[in-house]
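In what follows, a structure is listed as structure tokens, so that the remarks can point back to it.
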Amino acid sequence: MRRAAFAVLGTAIGASLLIGAKLGTSTEAPGDQVALEEETDGGAAAAPPAGSTPGAKKTTAPPAKKPPAKAPAGGLKDGTYAGATANYDYGAIKVTITVAGGKVTDADASYPDEDPTSASINQGAIPKLRQQALAATSASKVNTVSGASLTSAAYKASLQSALDKAKA
């Protein structure tokens, strides 16, 4: 009789712990885990938060800024636009786009590469995201890369920031 009571008690405690653990987990989408940092008027970025990667890898050096031109029929003004820095769990990503003829002609991104796992994920995901960004007019049209959901969310957030600046 005692063994049965302990078995029932143990089962009840185990079930309550599992339910409590499930209720305590976050149900946020990966896109909700990205924080953007806008640049100040002086063009200098705000100080990176604790845990961000100061030595981030750049795909290419961004070209010098040109004065924005009139917005052509495509809705984007010609020039080079840097998106806000998107901080996520493994560092920060910043996308810079070049617009010519109302279309995105180039998209460069700086991303963390200190951690070998993150570096391999980012090196595979960033080129795929770049290819999609060149064809997209909105970050919502860029698909998440499988296995790189946080990287994709941060890239898309920074890309949308750059596109918004090109539309202004």
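The values are calculated or read from the model by the stated rules, or taken from the named source; none is laboratory data. Keep in mind it's a predicted model, so treat the numbers as computed, not measured. We place every Cβ from the backbone using ideal geometry, glycine too, and count neighbours over all the protein chains shown. Accessible surface areas use protein heavy atoms only, side chains included; no ligands, DNA or RNA. Shrake-Rupley method; radii C 1.70, N 1.55, O 1.52, S 1.80 Å.
The residue that is most open to solvent (accessible area, probe 1.4 Å), counting only those in segment 63-100 that are aliphatic (A, V, I, L, M) and modelled with pLDDT under 85, is ALA73.
Residues that are surrounded by fewer than 23 Cβ atoms within 10 Å (Cβ to Cβ), in a helix (DSSP H, G or I) and touching a Pro at 6+ places or on another chain (Cβ under 9 Å) do occur in segment 117-128. Restricting attention to segment 136-156 and to residues that are in contact (Cβ under 8 Å) with a residue 24 or more places away in the chain and open to solvent by 20 Å² or more (accessible area, probe 1.4 Å), the residue that is farthest from LEU76 (Cα to Cα) turns out to be GLY147.
Regarding GLY51, is this residue of a type outside the set (A, V, I, L, M), at pLDDT below 90, surrounded by fewer than 20 Cβ atoms within 10 Å (Cβ to Cβ) and closer than 18 Å to GLN160 by Cα? Let's see the steps before the verdict.
Details: of a type outside the set (A, V, I, L, M): yes; at pLDDT below 90: yes; surrounded by fewer than 20 Cβ atoms within 10 Å (Cβ to Cβ): yes; closer than 18 Å to GLN160 by Cα: no.
So GLY51 fails the test.
Only a single criterion out of (1) within 17 Å of LYS77 (Cβ to Cβ); (2) over 15 Å from the mean Cα position of the chain (by Cα); (3) exposed (fewer than 14 other Cβ atoms within 10 Å of the Cβ) is not satisfied by LYS103, namely (3).
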